[in-house]
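Down below is the structure, laid out as structure tokens.
The values are calculated or read from the model by the stated rules, or taken from the named source; none is laboratory data. Worth saying up front: this structure is predicted, and the values here are computed from it rather than measured. Neighbour counts run over all protein chains shown; Cβ positions are idealised from the backbone, glycine included. Remember, those area values only see protein heavy atoms, side chains included, never the ligands or the DNA or RNA. Shrake-Rupley method; radii C 1.70, N 1.55, O 1.52, S 1.80 Å.
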Amino acid sequence: DVQLQASGGGLVQVGKSLRLSCAGSGFGTEANVVGWFRQAPGKEREAVAWLGVSDTSAYYSDSVKGRFTISIDSAKTTVELQMNGVEPEDTAVYYCAAGRVINEWLIERAGQRAVIYKYWGKGTLVTVSS
């Protein structure tokens, strides 16, 4: 199994930066795609960014493209989400997740779907103050 532990959430001012980390085991063996999702109060969980573990190809939702960066370390044990220029709409509980797709060329499209992720970490709250 993949064990995930997210950290780094907190209170941040509009326009500032915050970095979330997700420590895990099994990246590359149990899972070939990792992602960050978020859920704001009263809203559905949505994909923010996802990444293919083997080639580190990264993909983003339109709402964060150009502001957030997802990355994985060379040891394949920690996935980070660098959040720059945060906006009030970024306030949410953020979750890291890991899953597997049959063919890695499917990651770009399938990675935004929560259903493909078998493993989920506990959420970390990000609150953006104006």
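Odds and ends about this structure:
- Any chance Gly35 is more than 12 Å from Asp90 (Cβ to Cβ) and assigned to a strand (DSSP E or B): yes
- Top-ranked residue of region 44-86 - restricted to ones that are over 11 Å from the mean Cα position of the chain (by Cα), open to solvent by 60 Å² or more (accessible area, probe 1.4 Å) and among the acidic types (Asp, Glu), ranked as nearest to Ser17 (Cα to Cα): Asp62
- Evaluating Thr29 against the criteria (1) loosely packed, with under 15 Cβ neighbours inside 10 Å; (2) farther than 17 Å from Tyr117 by Cα leaves one unmet condition, (2).
- Test result for Val93, surrounded by 14 or more Cβ atoms within 10 Å (Cβ to Cβ), touching a strand residue (DSSP E or B) at 6+ places or on another chain (Cβ under 9 Å), on the phi < 0 side of the Ramachandran plot and in a strand (DSSP E or B): yes
- Residues that are touching a Phe, Trp or Tyr at 6+ places or on another chain (Cβ under 6 Å) and within 23 Å of Lys118 (Cα to Cα) within region 74-93 comprise Lys76, Leu81, listed in sequence order.
- Of all residues in region 105-130 being assigned to a helix (DSSP H, G or I) and touching a strand residue (DSSP E or B) at 6+ places or on another chain (Cβ under 6 Å), the one that is least open to solvent (accessible area, probe 1.4 Å): Ile107
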